[in-house]
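The values are calculated or read from the model by the stated rules, or taken from the named source; none is laboratory data. Values in this document were obtained by computation on a predicted structure and should not be read as measured data. We place every Cβ from the backbone using ideal geometry, glycine too, and count neighbours over all the protein chains shown.
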Amino acid sequence: MSSGSSKPVGKMSINRILLWIGLVVVLFVTLFPFWWVLRTAWTTQGQVFNDTSSLLPVEFTWYNFRRVLGLVSTEEALAAGGSGQSLNFFLFLRNSLIFATLVTLGQVFFSSMSAYAFARLKFPFRNFLFTLYISALMVPGIVLLIPNFILVLNVREFFVETFGLASDNPILGFSGMIAPFFLMTPFAVFFLRQFFLGINKEVEEAATIDGASYATLYFRIILPLAQAPLATLGIITFIQAWNEYLWPLVIGREDSVKVLTVALSIFQSQQPSGAPDWTGLMAATTMAIIPVLIVYMIVGRRVLDSIQFTGFK
Amino acid sequence: MESHIQELKSEEEIKGKQKKKKVRVKETYTVRETRAAFLFLLPSLIGFTAFYFIPAIRGVWISLHEWDLLTEKTFIGTENYAELLGSREFRNSFWVTLKYVLWNIPFQTVFAVFIAIMMHRLTKSTIVRAIILLPWLMPNVVVGLLWVWLLDPGIGIVNIGIEALGFDGLKWLGGLDTAVPSIALINIWRHMGYTALLIFAGLQTIPESLYEAASIDGANDSQTFWRITVPLLRPVLAFVLVTTVIGSFQIFDTVAVTTQGGPINATEVVNWFIFERGFDRFKMGEATAASMILFSVLIVVSLIQLRLFNADESDF
């Protein structure tokens, strides 16, 4: 594929140099905004408005990160020239982790169960059911948003009235937020079914002759053989759940369950009419990015490969 | 989680279905297997019924009512639909969305093709691909906030850069004419790498021998591009366009974080209109009816696109 095959090695054509310049520009455009987040987060609150063109942090400081993690007292904040406004994102970071982790575990596990049934077992209405699942991929999220909102609201009310739970009970709150993603998504079922179909049946057939039950086949053969796609799906699901905004925005407004994306957007839109607290916001933004970056650094290759899959299996 | 990935599946699935129909054999079922199957399916069946199937039907039902969540709903038939179709604000939201799609998709796709070709010609480096994909992995909220800061008319680095070059800075998200293109710009930045990787994967399926043959025949780069790359890439491009256009019509997060529909209603896209009706004014009937209209429009848009691309499938 490389043009080296059709051109002598060592000969750098003008075209190639131009292409390299283009690629460097693209990489710069992609990365610069991230640098600007860090640069702002590392700059003191006062200097961010004074020295706007410096490409490096002005008066380098970790203060904003400490502020965002709630490690700064009000007096210190006022002394540093800030509003002293509370900015504790630690709670929201925790909530995001809970939300994304539970969604991932539930969705991958339960979707893999039904994917196994669709890929391996014969039962009435199989194709009908599968087509029904897949057709749900076509429905825009906004169509389901309001009915699901009302459903979760009603179920919550029921629990509050029947069991006398507090209406901001975090377990109740998280359950409602997680529920629509927990048991299945059509994409997860489809994705895993495709992989299960590709697994060689011989091992299962041999095990069946030895009297293995379907549960044994699923837990002992399918799941171990499908570790790679399960992990890939898990990563995609985690990142998407971490990034989810609209659903937690409408259903998870209480602080006890509020996730980072919602907290960030509300914080921004509730700024007093003065200048926004950019240094604090960018420090909080950095913290919202870091978990995704960590996952990505460890398993980036899987994410990249999954994109080739979703496109061209 | 209305990511692009989800929609990627449908096309392929349709093909799979057609294949299955042709070889349909009379199936026999054992009780044991059927029972096991439904046990395995049970959790997903509950999830599907509760959060997809019933809500979809309930949505249609709600859209035929006037309902503010607090009082009893009143059945009003198709009145919500009639009102919406006659409402200037609702039609404006479709116009704004269309404007956004037209700013977003062409630039995003062209940039993506260029990036894909650059990567294809120059490097297979995983690090380059990993960087290219980075913006797409970020939460929309984070990307939105980041660009509100970069595009700040007063002290944002973009305007400072523009002014340093001797031009006038723009109002970006705050300007009536620049707000929609600014939001498009943000999402072009977020999506072009992802789209480029899809196209890049498509480029790799084009056999090298074709390029070699063209090179032997003395074809230059632009001839190779238009005569080999573009025709062979057409199915991939079709697929990318169908999915990104549908995703683009559903823009919400970026608007919610950056402009909230403003200035005035310059960025009031359909999804923002629905959100605002439903969750600010609690007009549940009207909001669901609007979402149903959006759904219908999306179906029509997809059908038109599929038709357009299928008509040219004989190209390869």
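Against the definition (over 23 Å from residue B:180 (Cβ atoms) and not polar (S, T, N, Q)), how does residue B:282 come out, yes or no? When the stated conditions are applied, residue B:282 passes them.
Name the single residue, out of those in the stretch A:296-308 being facing chain B (nearest Cβ under 9 Å) and surrounded by 14 or more Cβ atoms within 10 Å (Cβ to Cβ), that is modelled with the lowest pLDDT. Lay out the reasoning, then the answer.
Let us first name the residues in the stretch A:296-308 that are facing chain B (nearest Cβ under 9 Å), namely A:296-297, A:300-301, A:303-304, A:306-308.
Then keep just the ones that are surrounded by 14 or more Cβ atoms within 10 Å (Cβ to Cβ); that gives A:296, A:300, A:303-304, A:306-308.
Values: A:296: 86, A:300: 80, A:303: 81, A:304: 84, A:306: 77, A:307: 75, A:308: 67.
Step by step, filter the stretch A:296-308, then rank; the result is A:308.
Scanning the stretch B:209-243 for residues that are within 12 Å of chain A (Cβ to nearest Cβ) and either at positive phi or in contact with a Ser or Thr (Cβ under 7 Å, 6 or more places away or on another chain) (or both) yields B:211, B:212, B:214, B:215, B:218, B:240, B:242.
Tell me the residue from A:48, A:58, A:25 that is modelled with pLDDT of 80 or more and in contact with a Ser or Thr (Cβ under 7 Å, 6 or more places away or on another chain), please.
On the way: A:48 fails: modelled with pLDDT of 80 or more; A:25 fails: in contact with a Ser or Thr (Cβ under 7 Å, 6 or more places away or on another chain).
When all the criteria are applied, what remains is A:58.
Surrounded by fewer than 21 Cβ atoms within 10 Å (Cβ to Cβ) and either in the same structural domain as residue A:249 (by TED's automatic domain parsing) or over 26 Å from residue A:237 (Cα atoms) (or both): does that describe residue A:126? Spelling it out, residue A:126 is indeed surrounded by fewer than 21 Cβ atoms within 10 Å (Cβ to Cβ) and either in the same structural domain as residue A:249 (by TED's automatic domain parsing) or over 26 Å from residue A:237 (Cα atoms) (or both). Pairing residues of the stretch A:144-166 that are acidic (Asp, Glu) with residues that are surrounded by 10 or more Cβ atoms within 10 Å (Cβ to Cβ), at Cβ distances under 9 Å and at least 6 apart in sequence or on separate chains, gives A:157/A:167. For the stretch A:119-141, a residue qualifies if it is at the interface with chain B (Cβ under 8 Å from one of its Cβ atoms) and either touching a Lys or Arg at 6+ places or on another chain (Cβ under 8 Å) or in contact (Cβ under 8 Å) with a residue 60 or more places away in the chain (or both), and the qualifying residues are A:121, A:127, A:131, A:134, A:137, A:141. Looking only at residues in the stretch B:181-212 that are farther than 16 Å from residue B:143 by Cα and among the aliphatic types (A, V, I, L, M), the one that is surrounded by the fewest Cβ atoms within 10 Å (Cβ to Cβ) is B:210.
Does residue A:176 satisfy the condition of being under 22 Å from residue A:255 (Cβ atoms), in contact (Cβ under 8 Å) with a residue 40 or more places away in the chain and either more than 9 Å from chain B (Cβ to nearest Cβ) or surrounded by fewer than 21 Cβ atoms within 10 Å (Cβ to Cβ) (or both)? So residue A:176 fits the description; yes.
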